[in-house]
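Following: one structure in structure tokens, then a few remarks.
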Amino acid sequence: MNPNKALWEKGDFTKIAQTMRQSGDELVAKLGIGKGMKVLDLGCGDGNTAIPEAQRGADVLGVDIASNLVAAGKQRAAAAGLTNCTFQEGDACDLSELPDQAFDRVVSVFGAMFAPKPFDVAKEMVRVTKPGGKVVMGNWIPGDPTLVAQILKISSAYTPPPPEGFISPMTWGVESNVVERFGQAGVPKERITSEKDTFTFKAACSPAECMGLFKNFYGPTMNAFEAAEKNGKLADLQQELTELFNSQNQASSPGSTSIPATYLRVTVDC
């Protein structure tokens, strides 16, 4: 099986996605998406941005490599009565089933960054975007002190080294890499902008319970816990992540979690 597909089908990202709904909606509100526009939401998960895009009247196609998340997205769209939001399986590295210049917006929030061939990803996103359209990416930033970058940093310290030739998804959070990748796809530097933005994870449970969602349902963290258990370091990993969630929680009421995470929001004018 494709290792990336296996990673994202391993858990149930919908459990994490539920804590990100509000920020997904807030981001979509910034993207100028409206009635009659065609939108590709790439690495869409269960529709955190695809659903609000469709609710604004766009014709949305959500594509994800994980079959369980595609099924969950279809279920959410049906429950919301959205006939203008469809979901299908696909790989961000190869969108050959999609025509050239078909979409006004190509949006990928913490999705396409995890595909293993970043130059292919940039090329495909540009290819399927209409002239005058935009590509928008949300990418976690390596070394950032906020939640997700730290979860991935801690997790990687407990897992075996990646195979030779592996390109870290976190490299998408470095502006020079973004410029190089879209540059090779034919986009000049002056049409690529990057700015830091925030996604907030909100849950009606304690930070420790919220950490448990990542432990049990988020592929990278699940892999870290499996490796830590084999190496007799399970308690160490559990403690590190629990301390991280507790220290970053900004919720004022006990038994609730609100943790902001900084990311790089990339906009490419095609």
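Annotations for the structure displayed:
- Taken over segment 8-37, the residue count meeting the criterion of being under 19 Å from ASP91 (Cβ atoms) and either modelled with pLDDT of 95 or more or assigned to a helix (DSSP H, G or I) (or both) is 3.
- The lone exception for SER206 - which of (1) loosely packed, with under 15 Cβ neighbours inside 10 Å; (2) touching a residue at least 40 places away in the same chain (Cβ under 8 Å); (3) touching a Gly at 6+ places or on another chain (Cβ under 8 Å) it fails: (1)
- Within segment 15-37, the set of residues being surrounded by 19 or more Cβ atoms within 10 Å (Cβ to Cβ) and within 21 Å of LEU82 (Cβ to Cβ) comprises ALA17, MET20, SER23, GLY24, LEU27, VAL28, LEU31, ILE33, MET37.
- Candidates in segment 122-169 are the residues that are aliphatic (A, V, I, L, M) and in a loop (DSSP other than H, G, I, E, B); of these, the one that is farthest from TYR263 (Cα to Cα) is VAL128.
- Residue in segment 224-251 that is farthest from the chain's Cα centre (by Cα), counting only those that are of a type in the set (S, T, N, Q) and surrounded by fewer than 18 Cβ atoms within 10 Å (Cβ to Cβ): ASN231
- Single match in GLU243, GLU164 (criterion: farther than 24 Å from VAL28 by Cα, out of contact with any Lys or Arg (no Cβ under 6 Å at 6 or more places or on another chain) and at pLDDT below 95): GLU164
- Members of segment 87-103 that are closer than 22 Å to ILE167 by Cα and aliphatic (A, V, I, L, M): ALA92, LEU95
- Only listed residue being at pLDDT below 95, surrounded by fewer than 21 Cβ atoms within 10 Å (Cβ to Cβ) and of a type outside the set (S, T, N, Q), chosen from PRO254, PRO188, PRO260: PRO254
- Test for SER194: is it at pLDDT 95 or above and in contact with a Gly (Cβ under 6 Å, 6 or more places away or on another chain): no
- Pairs where the first residue, in segment 146-175, is closer than 19 Å to ASN249 by Cβ and the second is among the acidic types (Asp, Glu), C-beta under 7 Å, 6+ apart: ILE154/GLU240
- Among the residues making up segment 198-228, those that are of a type in the set (D, E, K, R) and closer than 24 Å to LYS5 by Cβ are LYS215, GLU226.
- Out of ALA203, ALA228, sole residue that is in contact with a Leu (Cβ under 9 Å, 6 or more places away or on another chain) and farther than 25 Å from MET20 by Cβ: ALA228
- The lone criterion from (1) of a type in the set (Lys, Arg); (2) farther than 30 Å from LYS215 by Cβ; (3) touching a residue at least 12 places away in the same chain (Cβ under 8 Å) left unmet by LYS189 is number (3).
The values are calculated or read from the model by the stated rules, or taken from the named source; none is laboratory data. In this text, all values refer to a predicted model and were calculated from it rather than measured experimentally. FYI the Cβ positions are ideal-geometry reconstructions off the backbone, even for glycines, and counts take in every protein chain you see.
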